Amino acid sequence: EEHLAWLTVRGQGRLQGIATEQLAYSGTLSSSPVGLGVALQRVPAAWIPAAVRAAVIEHQVSGTLELLSATFSGRVDQLERSDWSGVVKLSKGGGLFRAGRTPVQNFSGTVFFDPAHVEAMNVSGGVGALQVSNGTLALSHLQVAPALDLQLTGAGKIRDLLLLLHDVGGAEAGAEALSAITDVTGDAQLSVHLAGPIAPDPHVDLVKAEIT
């Protein structure tokens with residue numbers, strides 16, 4: 001266990017092939033909770049793809065991360081080819097989403113990651129007027145052209161959900177409904193699916209939306 005000024009790290013490691021030319025290493029890690037902003041400042045820049053780091057800053061993403069487990073392995077003479085993966089608990093997540101700058105608040109979920117892929121499960125929190133009860137998020141092709149796949153299900157006031165749908169997805173259906181309905185009351189369920197690249201040319205589109 002190692003206590004740093006900003007983090008407590010627990011883990012173990014091993015070296016193999018000490019008497020050979022193929023010295024290899026492996027290990028496991030976990031950590032105490034740490035703010036995303038602090039982690040971005042302290043974690044080596046090479047560990048986080050530049051496009052992902054830029055997107056986090058642009059959308060003012062915040063939150064608390066706790067490394068539940070991580071594994072790593074590789075050869076000492078080929079550090080750039082290290083294999084690693086892990087699981088992080090996200091809590092108190094926030095930020096701004098899409099061109100309308102829709103606020104994201106109090107997000108939580110379990111995040112699985114490796115060098116090329118990030119996937120979040122059991123996502124919950126608030127996206128504008130939508131109170132998300134369940135969602136998934138996937139980021140793929142992190143080292144080349146990061147792409148987002150986001151699916152959320154939740155509830156809210158029906159007119160607020162139509163406004164949100166038009167804002168985050170540029171949805172023509174949402175715009176048409178808003179222009180046709182002037183007095184809408186009551187709650188509704190919204191399921192929304194957005195996907196597309198986030199860099200180098202961001203173009204996340206609305207794939208599907210259902211209001212019931």
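What the stretch 119-164 shows is 45 Å² of accessible area per residue, with the surface traced by a 1.4 Å probe over protein heavy atoms.
Using only Cα positions of the chain, each an equal point scatterer, no hydration layer, compute I(q)/I(0) via Debye at q = 0.08, 0.14 Å⁻¹ and quote the log10 values to two decimals. For the chain at q = 0.08, 0.14 Å⁻¹, log10 I(q)/I(0) is -0.35, -0.89. So if we plug the beta-carbon distance of residue 205 and residue 119 into 1/(1 + (r/R0)^6) with R0 = 22 Å, what FRET efficiency do we get, rounded to 0.05? It comes out at approximately 0.65. The modelled label-to-label distance between residue 92 and residue 42, using points 7 Å beyond Cα along the C-beta direction, is 1.5 nm. With q set to 0.17 Å⁻¹, the log10 of I(q)/I(0) for the stretch 72-113, from the Debye formula over equal scatterers at the Cα positions, is -0.65. Ordered from highest to lowest accessible area with the whole protein assembly present and a 1.4 Å probe, 21, 66 read as 21, 66. For the chain, with all protein chains in place and a probe radius of 1.4 Å, 56% of the accessible heavy-atom surface sits on carbon or sulfur.
Let me know the shape class of the stretch 1-45, please: from the alpha-carbon gyration tensor, a ≥ b ≥ c as square roots of the eigenvalues, rounded when a/c is under 1.5, otherwise prolate if a/b is greater than b/c, or oblate. Spell out each step's value before the answer.
Details: a/c = 3.76, a/b = 2.21, b/c = 1.70.
It comes out prolate by the Cα gyration axes.
Spin-label pair residue 62-residue 85: with each label point 7 Å from Cα along the Cα-Cβ axis, the two points sit 3.3 nm from one another.
Under 1.5 on a/c is rounded, so check that first for the stretch 19-73, then, if it is not, pick prolate when a/b is larger than b/c and oblate when it is not; a ≥ b ≥ c are the square roots of the alpha carbon gyration tensor eigenvalues.
Numbers: a/c = 3.61, a/b = 1.80, b/c = 2.01.
The shape class here is oblate.
What full-extension length gain, to one decimal in nm, is calculated for residue 133 and residue 8 as 0.36 nm per residue of separation minus the Cα-Cα distance? Mind dumping the intermediate values first?
Details: separation 125, 0.36 × 125 = 45.00 nm, distance 3.15 nm.
That pair, residue 133 and residue 8, stretches by 41.9 nm at full extension.
The values are calculated or read from the model by the stated rules, or taken from the named source; none is laboratory data. Quantities reported herein were computed from a predicted structural model and do not represent experimental measurements. Heads up, the Cβs are rebuilt from the backbone with ideal geometry, glycines too, and the neighbour counts pull from every protein chain shown. SASA here: full protein model, heavy atoms, side chains in, ligands and nucleic acids out. Shrake-Rupley method; radii C 1.70, N 1.55, O 1.52, S 1.80 Å.
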